[in-house]
Amino acid sequence: MILSRRKYKAGYEVREEIHETNFEAIPMSEPDEISQKIMDWINDHSGEHVVIKAAYTPTGDYIGSPGVAYSLVVKRGIKPELSVPTHKVCSIGFCAKEKKWYGWSHRAIFGFGIGDVVKEGDCAASSGWTDEYLAEHPEENTALPVGFTAHTLGDAKRMAVAFAESVS
C-alpha cells in the first residue's frame, strides 16, 4: 500500500510504501547457532509490516532505491525503462545528452552508442545463463555475437539489453 508519493521534476517519483513481511526461513542444510537465531527471528516476525521508500518511473515501473534513481536520472541523465515488458525492474535507459543506451544491474553499468563493437569477453557477448538453461530456454539468450556493431541507436539499445541481462 502506498503511504505517500513525491514526484520529482527530473522524471521519477519516490513512494513510501508499507509491505507485509510474510517470509518463512527454512534451512537448506543443518544451521549453525547464528543461522538458527536469524531464522527464528525472521519466522517470529513474519506477518509484521515494514515501511520502505522506492523510486518509480512516471509510468509506474520500479527503478530501485531513491539513491539509485537519483544517480541514474539526475547525475547521469538516464531515462530508465524496462528492458522487456514482462520484467519488473528497470535495467536499461537512454541518455539523450550522450546519445547512448545504458544497461545496468546492482553490480555494473555501461553505456553503448553508435560505433561500439562487441568484443570477446564483453558482457554483451554473454547471456549470463548457463548452457544447460539456454538449451531449454533459447528465447532467454540476449547475447550478441562478437563483432556486432551498433550502426543505429536501436543496435546500441540491443547492446544495453544484452549487457543488463548478463550482469543481472
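No value in this document is a laboratory result; all are computed from the given coordinates. Bear in mind that the values here come from a model prediction, so they are computed numbers and not experimental data. Don't worry about glycine lacking a Cβ; one is built from the backbone with ideal geometry, like all the others, and counts go over all protein chains shown.
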Using the Karplus curve 6.51 cos²θ - 1.76 cosθ + 1.60 with θ = phi - 60°, work out ³J(HN,Hα) for each residue of region 31-38 in order, rounded to whole Hz, and write x for Gly and Pro. x, 7, 4, 5, 4, 5, 5, 5
If you take the beta carbon distance between T149 and H87 as r and set R0 to 35 Å, what does 1/(1 + (r/R0)^6) give as a FRET efficiency, to the nearest 0.05? 0.85
Given the pairs K53/K75; K88/K119; K53/K99; K7/K157; K53/K157; K75/K157, which span a C-alpha to C-alpha distance of over 24 angstrom in this model? K88/K119; K53/K99; K7/K157; K53/K157
How would you rank 84-97, 13-26, highest first, on the average number of other Cβ atoms within 10 Å across their residues? 84-97, 13-26
Segment I2-Q36, extension gain: residue separation times 0.36 nm, minus the distance between their alpha carbons: 8.9 nm
Just to verify a number: FRET efficiency for N141 and I26, C-beta to C-beta distance, R0 = 25 Å, to 0.05? 0.20
Round to a whole angstrom and tell me the spacing of the C-alpha centers of region 1-52 and region 88-132. 30
Return the Rg/Rh ratio of region 103-168 with Cα-based radii and a Kirkwood Rh. 0.97
Would you calculate a helix-derived [θ] at 222 nm for the chain, using -39,500 (n - 2.57) for each DSSP H run of n ≥ 4 and dividing by the full residue count, to the nearest 500? -6500 deg cm²/dmol
Listed candidates (i) 13; (ii) 17; (iii) 38 - label of the one calculated as percent of Cα pairs over 29 Å apart: (iii)
Would you mind calculating the relative contact order of region 79-168 from Cα pairs under 8 angstrom and at least 6 residues apart, reporting the percent as a whole number? 33
Say each of E16 and N43 gets a label point 7 Å from the Cα, pointing the same way as Cα to Cβ; how far apart are those two points in nm? 3.4
